[in-house]
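Following: one structure in C-alpha cells, then a few remarks.
The values are calculated or read from the model by the stated rules, or taken from the named source; none is laboratory data. Since we're looking at a predicted model, the values are computed, not measured. No Cβ is skipped: glycine too gets one built from the backbone with ideal geometry, and neighbour counts run over all protein chains shown.
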Amino acid sequence: MVNEKLELIKQGIYEKGSVLIAFSGGVDSATLASIAYDVLGNNAVAVTVKIHSFPEREMEFARKIAAEIGIEHRVIYLNELSVPLISENSSNRCYHCKKEILKTLKSMKDKLGFNVILEGSNSSDLNSYRPGKRAIDEAGDDVYSPFIEFDVSKGEIRQIAGELGLSVADKHPSPCLASRFPYDDALTEEAIKRVEMAEDYLIKLGFQELRVRDHRGIARIEIPPADMPALLQMRNDVVFYMKGLGFSYITLDMEGFRSGSMDEVL
C-alpha cells in the first residue's frame with residue numbers, strides 16, 4: 001500500500017514540472033524534498049523560511065538533511081513578529097503566519113519561474129487543530145499537498161523516509177516556538193529566544209522529547225513521565241540555568257509531554 005502511494009506521489013510531483021518545497025527539515029518536508037529531487041532533479045529546490053519561532057537547532061538540521069538529500073537549499077529570513085496579527089498570538093496565529101510564509105515562498109517561486117509550492121501536510125494532521133491549513137487551502141493552485149491528496153499518514157511518511165534511507169525518519173516533531181506560549185500572550189523576540197535556549201539546554205542534558213512552555217515567566221517543562229526521575233536528579237542545575245535565563249519559577253508538568261497542550265484550553 002505504501003509503495004503504491006509513493007508511486008502516486010512521484011507521478012503527481014512529476015506532472016508539476018518544477019517545484020519549490022516548503023522545507024523545515026522535519027520528516028514530512030524532508031521526505032517530500034527527497035522524492036521531488038529524485039523525480040525532478042534541479043527542477044526541485046528546498047526553501048526554508050527562517051522566522052524567529054524556528055529554532056536555530058532546526059535550521060542547522062535543515063541544512064544537514066538538505067545536503068544529505070543533495071537538493072539545492074535556500075533560506076529566506078522573515079520577521080513574523082513585525083506582523084501584529086502574528087505577534088498578538090491569537091488562536092488564529094498559525095493561519096496568519098502560514099499566510100505570510102506562503103506569500104514569501106510564492107515570491108521565490110515566481111522569481112525562479114517554478115510552477116508550484118510543495119508542502120508536507122499529511123492525513124494525520126487533519127485530526128488536530130491546524131488553523132494554518134486554511135491558509136494552504138486559500139492559496140489554491142500555487143500550493144500542492146501530495147500527502148493529503150493521496151491520504152498518506154505520518155506513520156506512512158516515516159516508513160517511506162526509512163525506505164529512502166533518510167536519517168530524519170525517526171526525528172521527533174518540533175513545532176514552532178510560538179506554540180510554547182498561551183494564546184493572547186504577545187510574542188516577543190526575547191521571550192522566544194529564552195524558550196529556545198531553555199530547550200537547547202535540556203536537549204544537551206540528553207532529553208529529546210520535550211517542550212518548555214512559558215506562562216509569563218513560569219517555565220512549564222513537559223517531558224515523558226519515564227524521563228522525570230532523570231530530570232529531578234538534575235533539578236538544581238536546571239533551576240539555576242533557567243532562572244539565569246529570566247524565568248521566575250521552574251515547574252515540571254505532571255501530565256508529561258504531549259503535543260499541542262496549549263490547545264487544551266480551546
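Quick notes
- Contacts under 7 angstrom Cβ, first residue in segment 150-168 being farther than 9 Å from T31 by Cα, partner of a type in the set (D, E), 6 or more apart: S167/E68
- If the condition is being in contact with a Gly (Cβ under 8 Å, 6 or more places away or on another chain) and among the aliphatic types (A, V, I, L, M), then segment 186-244 contributes I223, M228, A230.
- Filter pass, I51 being of a type in the set (A, V, I, L, M), assigned by TED's automatic domain parsing to the domain that holds K16 and in contact with an Asp or Glu (Cβ under 9 Å, 6 or more places away or on another chain): yes
- The condition of being touching a Lys or Arg at 6+ places or on another chain (Cβ under 8 Å) and without any contact (Cβ under 8 Å) to a residue 12 or more places away in the chain holds for only one of L78, L85, that being L85.
- All positions within segment 107-137 that are under 24 Å from L8 (Cα atoms) and in a helix (DSSP H, G or I): K109, S123, S124, D125, L126, N127, K133, I136, D137
- Residue check for N115: under 29 Å from R158 (Cβ atoms) and surrounded by fewer than 20 Cβ atoms within 10 Å (Cβ to Cβ): yes
- Selection within segment 162-220 - surrounded by fewer than 15 Cβ atoms within 10 Å (Cβ to Cβ), outside any loop (DSSP other than H, G, I, E, B) and basic (K, R): K204
- I221 vs. criteria among the β-branched types (V, I, T), in contact with a strand residue (DSSP E or B) (Cβ under 7 Å, 6 or more places away or on another chain), at pLDDT 95 or above and assigned by TED's automatic domain parsing to the domain that holds S259: yes
- In the set (1) in a strand (DSSP E or B); (2) in contact with an Asp or Glu (Cβ under 6 Å, 6 or more places away or on another chain), the condition left unmet by I250 is number (2).
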